[in-house]
């Protein structure tokens, strides 16, 4: 399975989880998410160039389809730790669910510089299927920080290479005036190009729909909002 920019962090979660067979309960949850449909309409008066200012509570839920594989990813800003944003990401597949929090510094700077090297991570917390939380910080964090930082590159998407606007219908609703652009993102899986549609109503990275130019994997917005709370 290959991943578009919006799913790089979720892919890291999946790699950290143990391989598992299909769980019928998880499979139903995935199907329920993919079955959602909103009749809401959102208009854009200007082209999308960068996300709205970050705020605690912002979240997005995306569905990712790659052939027969389906995954639901929720990304949320659930708090602050000094100058760091606490970003929580969960990944749901028919095999199980994984969850992680990271205290990330430099997100605003990256939106201006488009340089992922401006990001820094203060700590990482991972919750396993039994509810046990593992914290990674200090010397241990320094050994893995590079891989986790690269997984965050999807929060900074350069929309300078724009190709007009379009109305896009996804499970979260109809988004009129989406900015269409090609985006190249570097991840630990490799460099990937996507055709993305972004809208100023959507927080975090604005992505409404994204199609990988490498393998036609599709990412679509299922839900978004401003009232997210920490899950652990």
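Values in this text are rule-based calculations from the coordinates and carry no lab data. Quick caveat, the model's predicted, so the values are computed rather than measured. All Cβ positions, glycine included, derive from the backbone under ideal geometry; neighbour counts span all protein chains shown.
Each of 99, 71 has some number of other Cβ atoms within 10 Å of its Cβ, and from fewest to most they run 99, 71. Ordering 209, 29, 80 by the number of other Cβ atoms within 10 Å of each residue's own Cβ, fewest first, gives 80, 29, 209. Ranked for footprinting exposure by Cβ neighbours inside 10 Å, fewest first, 220, 108, 32 give 32, 108, 220.
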